[in-house]
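Here the structure comes first, spelled out in structure tokens, and everything after it is commentary.
The values are calculated or read from the model by the stated rules, or taken from the named source; none is laboratory data. Please read all numbers here as calculations on a predicted model, not as lab measurements. Because the Cβ atoms are built from the backbone with ideal geometry, glycine has one as well, and the counts that use them run over all protein chains shown.
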Amino acid sequence: MKEIKHMTMYLIFVLAFMAQPANAVLIDQGTSTLDQNTGLEWLDISLTDGSSANNALGIYAADGWSLATEAQFYTLFDTYFPLYTDPLGYGYESFYDATTIADATMFNNYFGLTVDSTTTYYSYGQYMGSDGSMKFGGWQTASTSTFTNLHRDRTLGLTVDTGHAALGVFLVRDTTPVEEPAPVVEPTPVSEPATLLLLGLGLAGLGFARRKS
């Protein structure tokens, strides 16, 4: 039975990889995931499970990680889950199609789990909302592979100093190369004696030319 479950999860992961949008590429880097679409690297939320935003930053900020913004999370979410519309305005939506389930399973594998109940798998993380409040989003899948719940814009009354047992923290860092400005070439200053020497040579040359003529 366990072998059948593992084979099912493997097939779902393969389908998820094949189903990625053509213009979107995620690279699993072990403890982080690189989104080549934006150049942002996302730390696995399983590493910050249960932490508050400030606690997570206290550990990882020195390595260049910062709290993900609403715009950054929305861009990631909307790129890979284009079917999400949240018609009821709940901040989440349930899906039962194989492609979306496979995509959510892929994200669970890439970003890590914050809850593993053997029947349901959660990958939820906090991010900074545009209004300054803490929000969370993520992906929930079932071991039966029959549905997935996508959470994009949820609130629990959390602050930067409060965590939740089922939530990690979305931390990002920009891997886009910074273009160095072209070096400014300063003109070589000519010393005053050298300037007088050049002027003298010029006048001497002019006098010689007059005598010759």
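When each of Thr48, Thr79 is tested for being within 19 Å of the chain's Cα centre (by Cα) and within 17 Å of Leu171 (Cα to Cα), the lone residue that passes is Thr48.
Sort out which residues of the range 43-99 are assigned to a helix (DSSP H, G or I), surrounded by 15 or more Cβ atoms within 10 Å (Cβ to Cβ) and small (Gly, Ala, Ser), and write them in order of number. Passing the criteria: Ser46, Ala53, Ala56. Checked against the criterion of being at pLDDT 95 or above and not in a strand (DSSP E or B), the range 169-182 contains one or more residues that satisfy it.
Of all residues in the range 100-120, which are crowded, with 16+ Cβ neighbours inside 10 Å, polar (S, T, N, Q) and either touching a Gly at 6+ places or on another chain (Cβ under 8 Å) or assigned to a loop (DSSP other than H, G, I, E, B) (or both)? Within the range 100-120, just Thr114 meets the criteria.
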